[in-house]
Every structure is written in C-alpha cells, then in structure tokens.
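Worksheet: the structure to be examined is printed underneath.
We did not get these values from a lab; they are worked out from the coordinates using the rules stated. If you're wondering where the values come from, they're calculated on a predicted model, not measured in any experiment. All Cβ positions, even for glycine, are placed from backbone atoms using ideal geometry, and neighbour counts span all protein chains on display.
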Amino acid sequence: MMADLHDANYRPAPRIQDLASWIGDPVAPADFPMTQLRFRNQAAAAEVGLAHLSNDEWLAHMGRFVPLPENLQQPLALRYHGHQFRVYNPDLGDGRGFLYAQMLDGAGRLMDLGTKGSGQTPWSRQGDGRLTLKGAVREVLATEMLGALGVNTSRTFSVIETGEKLWRGDEPSPTRSAVMVRLSHGHIRIGTFQRLAALGEADKMAALVGYCLGNFPGGDGPESASPAARLLHQVVERMADMAASYVVAGFVHGVLNTDNMNVTGESFDYGPWRWLPSWDPGFTAAYFDSSGLYAFGRQIEAIHWNCGQLAMALRTLEESPPLIEALNCFGDHYHAAMARRWCWRLGVEPRGLEEDSALISLCEQFMADSGEGPDTFFFAHRGGRGASGALGEALALYRSVAESHAYWADPAPQSLLIDEVEAIWAPIAEGDDWSLFEAKVAALRRTAMAHGPKPRPAGHA
C-alpha cells in the first residue's frame, strides 16, 4: 500500500543517496507474521508531513516498510566501525535496523527515519535482527522522559508488534517482538568516520565531512578552518552539550561506544539506561559494565574520549594542531552547557558562569548529603523555593522564572526509575493492558510542557 501524500509538510529529501554506494548496504525488511500498532507519535509525524496517514497506511510504511513517495526505494543498513568499551571493533554496522527515509521538518532540518528490529542485515553477525516489545516500550519511555528534561534525543516514532517469539538472556523468554521506528536528525556516527579512516578512504571521508557540514549546520568553529576542523569544532560543542544534558537529567545511557555517538549531538540507541535514584557518580546502568566505564560520573570523560576518536579519524584529512584546538574547547563548552541547563531545570535565570558553577556545586553537595534524587531535588527547589542554609542563600540571589503550569503544584515530580518501568511493563506482559504506559507517556508530555522550550547555546536557533 502506497500512501498518496498531499500534505505540503511532507518534503522528501533522500540526500544519503549521494553516499549510498559506500556508506551502507541495500537490504530488505523482515516479513513479519503480523503488524499491530502499539505506539504512534502524531506530534513527530506532523513535523515531517506524515500525520495524516491512516492506520493501514502507517502499518504499511512503518511495519512493512513500503517506500514513502519520492524517498529511498530500498532501505540502507549503514556501515561503521567503533570502540566498544574502548576495544576497537571493525565488524560493525546496522545489524537489526536500517535507514528507511529522509525528509525535511518544518525548520528545514534533514530528518531520518531509522529502524530497530526490522530484520537481519549483512551486519547481523549471529543476531536475529529483532527487537523485543519490552525493549521498544523502554525506548518510548526513555525518549519521552529525556525530551521532557531538555535532552536532544531521537524520538520514538512508531512501535508495531510483529507476532514473533524471541529468546533473550535478559528477559523472561519467549518474549514478544516489535519493530520500532525512530525519528532522528541524522544517523552519522563517530564510528562512520572511524571506518573510512581504517580503510584509508580519504575521498569518501571528505565527502562525508561535506555531507555533515551541509546537512547538520550550526555550532562553533572558525570560518577560516578547514572543513574537517570546522566539523570537529561543531561536534565537540554538541557532544559537550549532550554530556551536560545527561548530568542535569540524572541520566545514565549505559553504552557510550563510538558507534552509538551521532555527530549531530543527538542522543540515541537506548538499551540498559537508568535514571539516578540518588546523586551517585558511581551509579552504572549496564550489568555488563563491570569496570564502571560508563558510570554516571564518568560519562563526561567517555564522551570527550569519543570526540578524540573522531579527531583521530579526521587526521585522514587534517594535521593534528587544528584538531587538538577543537578538542580543547570541550571543557569550556561543557561548563557553559552545565550552567545553562542547570539553571533551566531549576527554573532560575543564569547569573554568570562563576556564580552558576558555584550554585551547581552547592546543589550537588545537597543531594549527596540528603540522599535526594535529582528529580525530587529540582522539583522541590524549582524557582528557588524550599531551600535553606547555604543553598537557600545562594538561590536567593537568583531571579525565578515565572511559572504558570499546574505541574509545579503537583505533589511530586514525574520520574522514571527502574521499578516504575517494570510496573508499567507488567500489565502489558500479563494482560495486554497498555493503560499505565499510555498514562505515563501523557504525563511525560505534560512535564515537557511545564518545562518549556529546551535551553540552547547563545546564537543557536
């Protein structure tokens, strides 16, 4: 079934076709036993001109992957390398997903529809190419919560149950299957560059740099710099902002490998994530992260290290000094982003980097001493309310952001600790009852409305 898309907001832009012969492999989607719609993100669909699709058309395009008009005629499983827990792996690529379509949003940004659980590809290795329904539900919850807290994240676009039984070591099995579609501002990873560097393909590296500069504009970097150095400046700024956004959200991604790092600075690919129950720098999300490499307090270091791997890959095109200069900007960008984002979540107007950094230290110490988690802390002290002692004295110097949303009068904030995630999943698993899930999504969107537009660096649209 092919949708006849007359929505003027649908603007197909399959620009990846210029790189398609070497950036990915054409693949066919799995033929699933059934397609039952479980989640449809109408708000995101409206931004790319797909909101008017009927449910049957949605199932055809997001479950059977019938090509969208004037878009990619065959999905692409992207190729990349990557460091996985600091061990280089050249045998990577989209093993259970593919790039399905590209279009422009209302702001003219290039947006990708990418999949998870859509079947085997040349990069599946020993995997079945599938996704569990629970994994899809968890990703919906993660992206909705992150978006509410101002994190630049992919958005879960669609979840369709597919009727297969899957066996997994980390879930009671057999478990239900699903195919998920995410909407992202690009799918170019640090690992994409690492692959080209490892293969010594300078011409393709230059083409990829040009693609990123042309399609992912914005960010820092001297105009006189070479394209490679200018791109690294931009990526470093975006990654520093992403690192700060995780800290302010109290979020632990869990698997910050270079193949999971989008050069747009948009967080994506959520597996063993967790939110902090209390302010604990050593808190880890992944049971297999035995060394704590990606613990909450080490995420900044990990993201900076990943930027360094991009710099090493870009040595294919550029000498070291301009790349080192870009890398050295990470710290300043991170501290600026922390101040901007911390004040935003706390509901106060920034005063200056020195004052804001001192406030952050006081808040962190308060949480460490009190055992209060970040969700409770930011909610309880929104706009400077309810604070005493040194923290109260510091907050008294800040101007509160005017609040009108009823959310701030709720008895408690929204949170997403692991016990609640399991409580939301249990009625789905046991009786196909989606009411708690639907209520949580609605509550998180209300939280997003209460917080308002996410903070952005000065000079960024």
If I model a spin label at Arg125 and Gln365 as a point 7 Å from the Cα along the Cα→Cβ vector, what separation in nanometres do I get? 4.6
Taking only the alpha-carbon atoms of segment 389-456, the convex hull volume per residue, in cubic angstrom, is 153
Take the alpha-carbon centre of segment 362-391, take the same for segment 63-79, and report the distance between them in whole Å. 48
What does the charge count around Thr115 come to, taking other residues whose C-beta lies under 13 Å from its C-beta (Lys +1, Arg +1, Asp -1, Glu -1)? +1
Determine the alpha carbon to alpha carbon distance for each of Lys134/Lys165; Lys116/Lys454; Lys116/Lys440 and list only those over 20 Å. Lys116/Lys454; Lys116/Lys440
Do any chymotrypsin sites (Phe, Trp or Tyr not before Pro) in segment 352-432 lie in a loop, going by DSSP, with at most 10 other beta-carbon atoms within 10 Å of their beta carbon, and if so which? none
Among DSSP bridges having both ends in the chain, what percentage is antiparallel? Round to the nearest 5. 100
Length gained, Ala442-Ser278, 0.36 nm per residue minus C-alpha separation, equals 56.5 nm
Could you tell me the relative contact order of the chain? Use alpha-carbon pairs under 8 Å, at least six residues apart, and round to a whole percent. 14
Cβ under 9 Å from Tyr270's Cβ, Tyr270 left aside: what net charge do those residues give with Lys, Arg +1 and Asp, Glu -1? -1
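Counting each pair of different Cα atoms once, what's the Kirkwood radius of segment 11-184 in Å, rounded to one decimal?
With all distinct Cα pairs of segment 11-184 included, I get 16.6 Å.
Looking at the calculated P(r) for the chain, what percent of the C-alpha pair distances fall above 35 Å?
Beyond 35 Å sits 30 percent of the P(r) for the chain.
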Go through segment 117-123 residue by residue and turn each phi into a ³J(HN,Hα) via Karplus (6.51, -1.76, 1.60, θ = phi - 60°); whole Hz please, and just put x for glycine and proline. x, 8, x, 6, 9, x, 10
